[in-house]
Structure formats: structure tokens, C-alpha cells
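Worksheet: the structure to be examined is printed underneath.
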Amino acid sequence: MKTENKLAGTGLVAAIAASMCCITPLLALVAGAGGLASSLAWVATLRPWLIGLTLAVLAFAWYQKFRPQPQNDCNCEPDKPRFMQSKTFLTVVTAFALLMLTFPNYANVFYAAPERQTAPKVQEKPKAKTVAEFTITGMTCAACEGHVASEVNKLQGIVGLQVSYANSNAVVEFDKSKTSLEQVEKAIKATGYKVTETKIKK
């Protein structure tokens with residue numbers, strides 16, 4: 001029984017570690033500590049291995065739970081398993097581990113929809129509209145996109161914004177009379193990710 005608990009614990013830790021690269025940006029946003037966001041981005045390279053470890057360990061824990069137990073010669077009543085040794089506990093651990101493994105797929109639901117992703121509510125045309133593309137390193141999932149979008153949308157004069165971790169970039173359309181290229185870049189860097197290149201598109 002102790003072995004099963006250790007296996008369940010190992011599986012849970014591996015599952016959480018596999019998604020730390022995407023959990024950290026959310027925690028950083030809540031805590032207001034933007035620089036923490038990219039601190040565990042390196043975990044993304046280990047994610048496939050951690051997922052494999054999680055599934056293998058949990059599968060073995062379930063095998064241990066269902067395999068036939070050796071029979072005792074005595075006619076005494078078997079001890080009733082405690083909650084930590086029960087199938088219910090292993091089910092809870094497995095369900096939580098799966099939620100952690102799939103976290104990058106639904107992480108964006110924890111971010112408020114940016115108000116200025118498309119057109120501004122006030123129907124006034126920007127005086128000097130600029131579109132710039134920022135190449136960003138360190139983003140690994142939708143949570144990273146949400147974190148960058150949240151910081152950039154705090155600036156005045158943002159007209160449009162598209163952030164993509166898959167393309168490692170952010171395309172920002174802004175009113176040059178209200179904000180500057182440097183301010184946008186500073187907002188992105190405040191999340192902890194690095195801006196390696198900036199291109200003015202128009």
C-alpha cells in the first residue's frame with residue numbers, strides 16, 4: 001500500500017512539473033510578479049518526458065491496486081484500507097494529474113478577454129497608427145500569450161493585438177500619439193519574456 005502511495009505521489013509531482021512552464025505565467029499574473037513568468041520556460045523541453053513518466057507511474061499504481069493480493073493462512077478479518085490507500089484516493093490523484101497535464105490546453109480561460117484585441121470602443125481614428133511585430137522568446141503555451149496580452153493591453157492607444165506562442169511573436173497595432181514602440185517593448189519585457197527583434201510593419 002505504501003508503494004502505491006509513493007507511485008501516486010510521484011505521478012502527481014511529475015504531472016505538476018510537466019505543466020509548470022504554463023502554470024507559472026498565471027501565478028505571476030495573479031501575484032503581480034511578471035519576471036517570474038519565464039523562469040520555468042526550460043521545463044517545456046522536458047514536458048514530453050514528464051508526461052510519459054506521469055502516465056507510466058500512474059498506470060503502474062493502478063496495476064498494483066488491481067493485481068491479486070496474496071492470501072493469508074489465518075481466518076482473521078482483513079484490515080480495511082485507509083483513505084490514502086483506497087481506490088478513491090488514487091482516482092482523485094489520477095484525475096488531478098490529468099488536469100495538470102492538460103493545463104496548457106485550457107490555460108487561456110483564466111485570462112480575461114482583452115478589451116482592445118480588435119477595434120477600440122470609441123469610434124475615433126488613431127492619429128498616427130503603427131503596426132509592429134515583436135519576436136519573443138520564452139513563450140510555451142496559451143498562458144504565456146495571455147500574460148503578454150494582459151500587460152500590453154494596459155497601455156493607452158492599443159488598437160489591435162495578436163500574440164502567438166507558436167510563432168514566438170506579438171503583432172501590436174497602436175496609436176503612436178498615445179504610446180510608443182519602446183513602451184510596448186517594455187510591457188512585453190515586464191512579463192519576463194525576451195524581445196529579440198522588433199519590426200515596423202506599417
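Details
- Among the numbered conditions (1) in contact with a strand residue (DSSP E or B) (Cβ under 7 Å, 6 or more places away or on another chain); (2) under 22 Å from residue 104 (Cβ atoms), the only one that residue 191 does not meet is (1).
- Among the residues of segment 141-158, those identified as surrounded by 20 or more Cβ atoms within 10 Å (Cβ to Cβ) and over 30 Å from residue 47 (Cα atoms) are 157, 158.
- Selection count, segment 127-177, where residues are part of a loop (DSSP other than H, G, I, E, B) and either under 15 Å from residue 200 (Cβ atoms) or without any contact (Cβ under 8 Å) to a residue 40 or more places away in the chain (or both): 11
- One residue stands out in segment 159-198 among those that are crowded, with 16+ Cβ neighbours inside 10 Å, at pLDDT below 90 and not aliphatic (A, V, I, L, M): the one that is farthest from residue 140 (Cα to Cα), namely 189.
- Boolean, residue 182 is assigned to a helix (DSSP H, G or I) and over 25 Å from the mean Cα position of the chain (by Cα): yes
The values are calculated or read from the model by the stated rules, or taken from the named source; none is laboratory data. Being a predicted model, the structure only gives us computed values, none of them experimental. Positions of Cβ are backbone-derived with ideal geometry, glycine not excepted, and every protein chain shown enters the neighbour counts.
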